[in-house]
Amino acid sequence: MNSRKITYPSIVLILSVILTQGCANTPPADCPTTLGGYKEGQATSVEVKQCLGKPAHENRNPDGRYIYMYNIQGNTIAFLFDSTGKLIRIKGYVKN
């Protein structure tokens, strides 16, 4: 499988499209409208799940860190959290 990192503007565009589409499970009004709205060290896994829904995949590490992965329009967005649920990092990948 070939994959490459998504540029930040691409991630913003993808997330903006997803967040502005109507769906049965409308996220809370205070959800970020871009990935930049999820601040490292401040955002929590609960917030991400409330705003983006159930992740396509969850992976838990022995040290307590865990990842939520979302498939958004053919791209993968990964949210890495520490053992307390605080956001450490966001990464985006596009499938070639």
Members of the range 70-96 that are assigned to a loop (DSSP other than H, G, I, E, B) and among the polar types (S, T, N, Q): 73, 83, 84, 96
What's the total number of residues in the range 71-84 that are among the hydroxyl-bearing types (Ser, Thr, Tyr) and either modelled with pLDDT of 95 or more or more than 11 Å from the chain's Cα centre (by Cα) (or both)? 2
Any idea which of (1) at pLDDT 95 or above; (2) outside any strand (DSSP E or B); (3) over 10 Å from the mean Cα position of the chain (by Cα) is the one residue 59 doesn't satisfy? (2)
On the basis of being small (Gly, Ala, Ser) and either more than 20 Å from residue 37 (Cβ to Cβ) or surrounded by 18 or more Cβ atoms within 10 Å (Cβ to Cβ) (or both), does residue 56 make the cut? yes
Tell me yes or no: at least one residue of the range 14-32 is more than 14 Å from the chain's Cα centre (by Cα), surrounded by fewer than 13 Cβ atoms within 10 Å (Cβ to Cβ) and at pLDDT 95 or above. no
Of (1) at pLDDT 95 or above; (2) small (Gly, Ala, Ser); (3) surrounded by fewer than 13 Cβ atoms within 10 Å (Cβ to Cβ), residue 43 fails just (3)
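The values are calculated or read from the model by the stated rules, or taken from the named source; none is laboratory data. For clarity, every value in this text was computed on a predicted model and none was experimentally measured. Ideal geometry is used to build each Cβ from the backbone, glycine not excepted, and the neighbour counts take in all protein chains shown.
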